[in-house]
């Protein structure tokens, strides 16, 4: 056994797990079908100034840990130098043991920089220099980082108003990794949000038409779906607390939207009706175009309003919500299925209390038309760690077919986050290896190895028609 913390058999506890990982999973390319990487940085093949630039800036997982340790905001998102921010992260790392950040940190240092030292206050200066030398060498730009991770496909996430200029540049380039986009229309759906009318005005400018009615809104969104489709988009995504399903009439929806455009107050009931109607319209449209639709459900966002005012959204003030999910989710999927307009669908939950709900819900709408048509997505956000992923794999195995699962994604803004796929694959292989050792699964490496290869790569490749 190597003395390194990150070694060849990290997280692999027996010979069966080792064989599954090294022979069937390790070398499979990565299909990262949902992330928040900036396409401009890929198109322009950005060089990063230092390790803070690529690793700490924008990473609210790290920021939450540093705040918990008592590090001042100046050294997290504030005016401190990049080096001082890194030194404070290095100080934090030893205190993150048993948080996935500890594993991710050392996997990322090993896989991208061949650094196997533990990151702490003593090693920080040396690691700062080692990473700085490599990042500024011309061999660690955005595209090289993706290649180092063996990435085959990357899908970023854009608003309907985006012009997709960087995706167009990439499509015309000789970059070997396919980069696509996912359509994310949350701002058009969430009618009660601050700034909704300003957003609709912006959308109107993009489609060169004033949006005065609900029909205008539907036309504008369909226009953008067509534009995204022409630019290679085949995936959409929605970040919602829960799926909406309320009974409504067309006249009600027209009236609700008109009231909003006239800056009148919209009741919670009217907002739910509007959101139900618009989301159903969008999903029926996605189905026309053959898109895969994703729903990320269950986040309670922007809890700390004081810090939200200071730093804005997506800065580390979100948590797990306890929204009712089952009844509305079922009714929404059923409404689409009853018209035979339910396309390929991936549902992610943030509350682990909903695991069994999600694992059983997908079986209601897998109709035999497509392998794994409706998927329960991998452990997401607060659940993309060893315990969360293991519970998701176990629950899916118990109540569905693990063999049809499309596997892991990063859902990250960082170019150094791709070892999360390795992390997931090691956890998967160890889970199966332990059951082979116990005699709960047969010692059939060829078949179980195929299952591992499928979950690591081939299921996603088939599901997304790559």
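Computed quantities for the displayed model
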read-out: Mean Cα-pair separation over length for the stretch 127-210, i.e. relative contact order, pairs under 8 Å, 6 or more apart, %; value: 26
read-out: Between helix 386-399 and the chain: long-axis angle, C-alpha atoms, 0 to 90°, nearest 10; value: 60
read-out: Footprinting exposure proxy for 328, 72 (fewest neighbouring C-beta atoms within 10 Å first); value: 72, 328
read-out: Contour excess over end-to-end distance, with Cα ends at residue 165 and residue 437 and 0.36 nm allotted per residue; value: 92.7 nm
read-out: P(r) tail fraction, the stretch 47-140 - alpha-carbon pairs more than 15 Å apart, %; value: 56
read-out: Sites residue 254 and residue 3, calculated FRET efficiency, Cβ-Cβ separation with R0 56 Å, nearest 0.05; value: 0.20
read-out: FRET efficiency, residue 246 to residue 45 (Cβ-Cβ, R0 51 Å, nearest 0.05); value: 0.60
read-out: Length released on extending from residue 458 to residue 401, taking residue separation times 0.36 nm less the Cα-Cα span; value: 19.0 nm
read-out: Relative contact order (%) - the stretch 361-466, alpha-carbon pairs under 8 angstrom, separation at least six; value: 27
read-out: Pair residue 269, residue 447: separation of 7 Å Cα→Cβ label points (nm); value: 5.6
read-out: Percent of C-alpha pairs per 10 Å bin, the stretch 179-228, short to long; value: 25, 58, 16, 1
read-out: Cα-based equivalent ellipsoid, the stretch 1-54: semi-axes from gyration tensor eigenvalues, Å; value: 33, 17, 9
read-out: Extension reserve of the residue 172-residue 387 stretch, reckoned as 0.36 nm per residue once the Cα distance is removed; value: 73.2 nm
read-out: Per-residue Cβ neighbour rank within 10 angstrom, fewest leading, 420, 224, 301, 64; value: 301, 64, 224, 420
read-out: Residues in the stretch 394-426 reached by a label modelled at residue 134 [backbone nitrogen below 18 Å; 7 Å Cα→Cβ]; value: 414-423
read-out: Label corresponding to Rg/Rh (Cα atoms, Kirkwood Rh) when calculated from the structure given, among (1) 0.96; (2) 0.94; (3) 1.19; value: (1)
read-out: Relative pair counts by distance (%), Cα atoms of the stretch 362-417, 10 Å bins; value: 23, 46, 25, 6
read-out: Relative contact order (percent, whole number), the chain, Cα cutoff 8 Å, 6+ residue spacing; value: 22
read-out: Fewest-first sequence of 167, 242 by Cβ atoms within 10 Å of each Cβ; value: 242, 167
read-out: Calculated FRET value between residue 314 and residue 192, using beta carbons and R₀ = 25 Å, to 0.05; value: 0.85
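FYI, it's all coordinate maths here, none of it is from the lab. Please read these numbers as outputs of a predicted model, since none were measured by experiment. Here Cβ is always computed from backbone atoms with ideal geometry, including for glycine, and neighbour counts include all displayed protein chains.
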